[in-house]
Amino acid sequence: MKQHVIVSLLAAVICLPISMAQAQDAAKVLNLFQSLLGAGQPAKPAPTVPATPAGALAGALLGTALAPAATGQGNRGTDLFQLLSQSLDQIDEAREIQIGQQLSALLLGSKPLLPDMVMQRYLNQLGRWISLQSARPNLPWTFAVLDDPGFNAFAAPGGYIFVTKGLMDGVADESELAGILAHEIIHVTSKHHLIALNKAARAGLLTQAISSQLKNDLGGLVSGQLLALGRNMYTKGLDQSDELEADRSGVALAARAGFDPYGLVGVLQQLRTAAPDDAFFALALSTHPPVQLRLNQLELAMGNRLDGYSGQPASTVAQRLQGLSASGSRSNVQTAVPKAVVAPRKN
């Protein structure tokens, strides 16, 4: 029997205890977010960050990567940029994660994390479950909601994925959110951002007259060149071919995780009806290929091969959050994990 994931199952699969819905005190936010992202991992000393909720959350999210560089490691940011300028073959997984942490600091410098711990916990449960079905399940996957009213999602190398509060509020149901997360996960597993950074670095873009290191707002030393390349990449977007690949492979990944593969199609149909000057969708539309092209390519790729995994009713994000708030840290709902969808892994 075909059955779709009920995300309340994820509370049993990935136990992430939490005791409050909104955190006002910076220290409490820091402790809660550390428990959210560090479940099952040894505790690490918290880095020194500004005494604000946004600073505390960001420090907990990115850990010691944002702390001041240790003696003898002050050139790490520059070294990472030099690696990007040469060959992707020299960037192992540990360095990929470091690059992702620095780009995450860039994203967090633009918009703070939303201090809503129920929503953060829910997104991590959902995102981690989908990432477990991907080609790289062992990355330190981390998902977070940015306090931004626009409709957008971002990924950084190493498994860092951000969505906006506007997106969380704007999706019709959970399958649409799952489709977006799967799309971003494919960007990470396929190293699309690393490839884009490598192309730009080797072309010498934005590297002239930029100091080798800059001190970010959270007290860490990062590569000025890397941040400049990152800003350019997130402003312009990835190559069209990368976005179309993330669409195609993303719907298969969402289906493997037990969600309606047409969730992403629903999101694109919503984007297609948006006015060009609608600020809510402006960045998402400007950094991706034309929506109709994406829909056409998905129709060609999907055909009717995934129809058997569609049509199941999906809960809304609001319903999930209400359930998590009411039930506390764990859910009593028992359900079976759906059988994996047999679909080629293009990621």
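The values are calculated or read from the model by the stated rules, or taken from the named source; none is laboratory data. In this text the structure is predicted, and so the values were computed from the model without any measurement. In this analysis, Cβ positions are derived from the backbone assuming ideal geometry, glycine residues included, and neighbour counts consider all displayed protein chains.
Couple of notes before you dig in:
- Given (1) at pLDDT 95 or above; (2) of a type in the set (Val, Ile, Thr); (3) in contact with a Ser or Thr (Cβ under 9 Å, 6 or more places away or on another chain), index of the condition residue 180 fails: (3)
- Among the residues of region 118-138, just one is more than 19 Å from residue 163 (Cα to Cα) and of a type in the set (Lys, Arg), namely 136.
- For region 133-147, the tally of residues that are touching a residue at least 24 places away in the same chain (Cβ under 8 Å) and over 10 Å from the mean Cα position of the chain (by Cα) stands at 8.
- Selection within region 148-178 - small (Gly, Ala, Ser) and more than 12 Å from the chain's Cα centre (by Cα): 150, 166, 170, 172, 175
- Number of positions in region 306-316 that are of a type in the set (Gly, Ala, Ser) and surrounded by fewer than 14 Cβ atoms within 10 Å (Cβ to Cβ): 2
- Of all positions in region 118-125, none carries a residue that is part of a loop (DSSP other than H, G, I, E, B) and within 25 Å of residue 233 (Cα to Cα).
- Residues satisfying the stated conditions in region 307-319, i.e. within 24 Å of residue 123 (Cβ to Cβ) and more than 19 Å from the chain's Cα centre (by Cα): 309, 310, 312, 313, 314, 315, 316, 318, 319
- Against the criterion of being over 18 Å from residue 106 (Cα atoms), in contact with a Phe, Trp or Tyr (Cβ under 9 Å, 6 or more places away or on another chain) and at pLDDT 95 or above, residue 190 does not qualify.
- Looking across region 222-256 at every residue that is of a type in the set (Lys, Arg) and in contact with a helix residue (DSSP H, G or I) (Cβ under 8 Å, 6 or more places away or on another chain), the one that is surrounded by the fewest Cβ atoms within 10 Å (Cβ to Cβ) is identified as 231.
- Residues (farther than 16 Å from residue 138 by Cα, in a helix (DSSP H, G or I) and not β-branched (Val, Ile, Thr)) located in region 94-112: 101, 102, 103, 104, 105, 106, 107, 108, 109, 110
- The one condition from (1) out of contact with any helix residue (DSSP H, G or I) (no Cβ under 6 Å at 6 or more places or on another chain); (2) farther than 30 Å from residue 282 by Cα; (3) part of a helix (DSSP H, G or I) that residue 138 does not meet is (3).
- Condition check for residue 185: surrounded by 20 or more Cβ atoms within 10 Å (Cβ to Cβ) and either of a type outside the set (Lys, Arg) or in a helix (DSSP H, G or I) (or both): yes
- Meets criteria (crowded, with 23+ Cβ neighbours inside 10 Å and either out of contact with any Lys or Arg (no Cβ under 9 Å at 6 or more places or on another chain) or of a type in the set (Ser, Thr, Tyr) (or both)) for residue 81: yes
- Region 257-305, subset of a type in the set (Val, Ile, Thr) and assigned to a helix (DSSP H, G or I), residue surrounded by the fewest Cβ atoms within 10 Å (Cβ to Cβ): 291
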